[in-house]
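Working notes for the structure below.
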Amino acid sequence: MVQIDTTPLDVLAVLDDGVTGRVELTIAVDVASRTICAAILRPAGTKAVDAALLLARMLVPEPMRPGWSDALRMSASLIPHARLMSVDARLEHAAARPVIVPDTIIVDRGKVFVSDTFVAACRSLGMSFQPARPAGHADGQGCRGTDF
């Protein structure tokens with residue numbers, strides 16, 4: 001199970017057009033391991049397509065970037081790199097971030113995550129879609145375990 005949510009950050013960033021503005025962080029976290037599967041930083045007003053892009057980023061290896069330490073390479077981690085290389089050659093130059101393919105995506109009921117675009121992306125990738133229970137549901141306990 002992977003939980004996904006978006007939160008505004010209390011920072012100003014220089015946006016693509018050179019103007020400063022607020023940004024939002026959309027993040028996917030594996031429930032079992034608490035691994036950050038993927039994250040995107042976007043100008044305020046995250047769209048459904050941004051959330052769908054997050055799903056795609058979860059499913060591919062993170063490439064090493066110029067200036068990153070060799071200690072961050074997947075080949076230097078405890079992950080069975082050589083065995084995984086036989087399955088996916090892209091892992092040769094990958095950073096040590098596991099590729100987690102979730103069975104279930106749990107989301108709050110934000111319009112981005114209940115949109116047709118996001119739900120269709122989940123289905124096309126073979127992931128079950130599960131909205132978290134509303135905070136005021138019948139037992140009065142909130143969303144225990146399914147919200148951030």
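The values are calculated or read from the model by the stated rules, or taken from the named source; none is laboratory data. Bear in mind that the values here come from a model prediction, so they are computed numbers and not experimental data. Heads up, the Cβs are rebuilt from the backbone with ideal geometry, glycines too, and the neighbour counts pull from every protein chain shown. SASA here: full protein model, heavy atoms, side chains in, ligands and nucleic acids out. Shrake-Rupley method; radii C 1.70, N 1.55, O 1.52, S 1.80 Å.
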Practice task
Would you check which residues across region 41-66 are more than 17 Å from Ile4 (Cα to Cα), open to solvent by 50 Å² or more (accessible area, probe 1.4 Å) and in contact with a strand residue (DSSP E or B) (Cβ under 7 Å, 6 or more places away or on another chain) and list them?
Solution key: Pro43, Pro63
Exercise for the section: Show the residue pairs that are 6+ apart or on different chains and have beta-carbon atoms under 6 Å apart, the first residue being within region 17-35 and hydrophobic (A, V, I, L, M, F, W, C), the second being in a loop (DSSP other than H, G, I, E, B) and open to solvent by 30 Å² or more (accessible area, probe 1.4 Å). Expected result: Val31/Met1
